[in-house]
1. At R0 = 22 Å, how high is the FRET efficiency between LEU160 and LYS114 if r is their beta carbon distance? Nearest 0.05 is fine.
2. What is the order of MET22, MET199, MET1, fewest Cβ neighbours within 10 Å to most?
3. Rank GLY318, GLY70, GLY285 by mean-square fluctuation in a GNM of the chain with C-alpha springs under 10 angstrom and give only the top-ranked residue.
4. At GLU213 and ARG14, where each label point lies 7 Å from the Cα along Cα→Cβ, what is the point-to-point distance in nanometres?
5. Specify the residue with the greatest mean-square fluctuation among PHE99, PHE203, PHE261, computed from a Gaussian network of the chain linking alpha-carbon atoms under 10 Å apart.
6. Below 8 Å between Cα atoms, with a sequence gap of 6+, how large is the relative contact order for segment 111-159 in percent?
7. Per-residue ellipticity at 222 nm for the chain, helices alone: DSSP H runs ≥ 4 residues times -39500 (n - 2.57), over residue total, nearest 500 deg cm²/dmol?
8. Take the Cβ-Cβ distance between ARG265 and SER223 as r, set R0 to 25 Å, and report the resulting FRET efficiency rounded to the nearest 0.05.
Amino acid sequence: MPIVTPLTKLLNIRVPVVQGGMQWVGVPKLVAAVSNAGGLGVITALTQPNPAALRNAIKETRSLTSKPFGVNITLLPSINPPDYAGYARAAVEEGVKIFETAGNSPGELIRYFKSNGCIVIHKCTTIRHAKSAVKLGVDVLSIDGFECAGHPGEEDIGGLVLLARAAQELKVPYLASGGIADARGFAASLALGAAGVNMGTRFMCTVESPIHENIKQTIVKSSEQDTVHIFRTLHNTARVFKNKVSLEVIKIERRPGGAKFEDIRDLVSGQRGKLVYENGDPDYGIWSAGIAVGLINDIPTCEELLRTLEKGVEDVIGNLNAVVVKSKL
């Protein structure tokens, strides 16, 4: 039986699984594979060097799938901000109807998308930010727990509590995001009131993922203890893979008097992170990974992964019948 939720109905997808927007990873080949497998693939806009390149990525994705897919635009702290409006306009003009937004002050982007009849999924790490996004008119919230890769916010609230709070407070559908890589996490998310799940790290480790095979094997061999937080002292916390570079960043941040971004700029360069995925050296730069690495032990196709998740969720929910106390009346 298919898993039917408000998310599958809204997005017209078979499985309530969204591939998270990931820098250097959310490219047409992976996006199309996720959508063809029944989930929602998501192009990461800022992986593309400019809005024109995003147009080409959308066209390429459309040539690979007839299924729905989305575009992620993440608002990042930056001295020289990207052309967010240009990326948004390019995607809307190319006919994209589903967007994932994240980061601070998304109001202008959300209003633009909604004025063009688009569906907006907004990622939040706190309930108060989720409520603010609802006021802006978002259709779906992605509730990002402390377990996630990338930026978990500064309040360190794990998904178990955060999702239960979302069930108490929110009136729009929400996704569970962070720490989900198998059917148990998927089923638990549904039990906590989520309409689906957002997975990033799990999709990094698939056949269609564009990252180097050696990085995929590194993920398979890793445990839940193989990630760390950087930028904590800069109040821009990010969860990344534990390697020589991230440990050096933490060492600099902990020295007496703290650190400024300029002290670690070269170590955390996005271009170095990109080369990790291209060259396969896990110690070359900073790269995002959630603690879900501890749950990943294979490299399936996206089709195999989603079929396994579907079957697994059905089994988990079915097995719960054994723990239900039935009346003897």
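Only the coordinates and a few stated rules stand behind these numbers; no lab work does. As the structure is a computational prediction, the values presented were derived from the model and not from experiment. Every residue, glycine among them, receives a Cβ derived from its backbone with ideal geometry; neighbour counts consider all protein chains shown.
1. Here the calculated transfer efficiency is 0.10.
2. Lowest count first: MET1, MET22, MET199.
3. Per the Cα network of the chain with a 10 Å cutoff, GLY318 tops the list.
4. 2.8 nm
5. PHE261
6. 33 percent
7. Helix contribution divided over all residues of the chain: -11500 deg cm²/dmol.
8. With R0 = 25 Å, the Cβ-Cβ based efficiency is 0.25.
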